[in-house]
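Written below as structure tokens is the structure these notes are about.
The numbers here are math on the coordinates, done by the rules we state, and not lab data. Just so you know, these numbers come straight off a predicted model, no measurement behind them. In this analysis, Cβ positions are derived from the backbone assuming ideal geometry, glycine residues included, and neighbour counts consider all displayed protein chains.
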Amino acid sequence: MKKPAFLFSLLLCSASFAQDTATTEAPAAEAASVPAAPATSAISRLRLFGQNGATAFLYRDSSCIRGMFSDGVEKASGGMSSAFGSLIGSVSNTSLGIPETETSKNLSRKDGIFSKAYFREYEVPADKPSSLRIGFQDVSPFYVVNGINYETVSPSCSGDITFTPRAGEDYEAAFSWEGKRCSISINRVIAKDGKTELVPVPITRAPSC
């Protein structure tokens, strides 16, 4: 009579042990399924502006400019979808959290006829060169009167540049004018004491790949 009782007790102990093992191993399995945090120290952020009449192509991790239909080209402005959205006014900003600047806060001032302005922010690899092809040709005053086309073309500005962002920093592409001379710049965005400061960083002309 003692033998069946002993076997029954042994089975209970085995079941209890199996349950405890499953309970203690479950958190480890759950933790293993959680993705690791991104290596933010290897990332910088860049804000580009766009609208119809403007071009903004980003070539990440590249010191040269490839064709506009090459793989890996980010078309912040100048692609079909962004052009249509800017045309009908449905395009929206894409933010990754770069602090606001005077340009981004007052973006509606750049709106033209059938040309809504917007910005898009991108992650770019830090301590590696990235290149840009940016420019604009303002044709927003275009209109038709009595079947006759009228078009006023404002001064244009364009160029291919490359720069090397540093880890954890934010940047914004911009145009600047000195008289009739236009230049392209990349500014570091620094938020401090409730204010935002723009500091130009070194850029060079980007060759074709």
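Provide the FRET efficiency to the nearest 0.05 for the residue 42-residue 209 pair, computing r from the beta carbons and using R0 = 22 Å.
Efficiency, from the Cβ-Cβ distance: 0.40.
Can you pull the one-decimal nm distance between simple spin-label points at residue 167 and residue 95, each 7 Å off the Cα toward Cβ?
It is 2.7 nm.
Extension gain residue 64-residue 105, at 0.36 nm per residue separation less the Cα-Cα distance, in nm?
Values: separation 41, 0.36 × 41 = 14.76 nm, distance 3.13 nm.
Value of the extension gain: 11.6 nm.
Would you mind computing, in nm to one decimal, how far apart the modelled labels at residue 192 and residue 81 are, each placed 7 Å from Cα along Cα→Cβ?
The answer from the label model is 3.8 nm.
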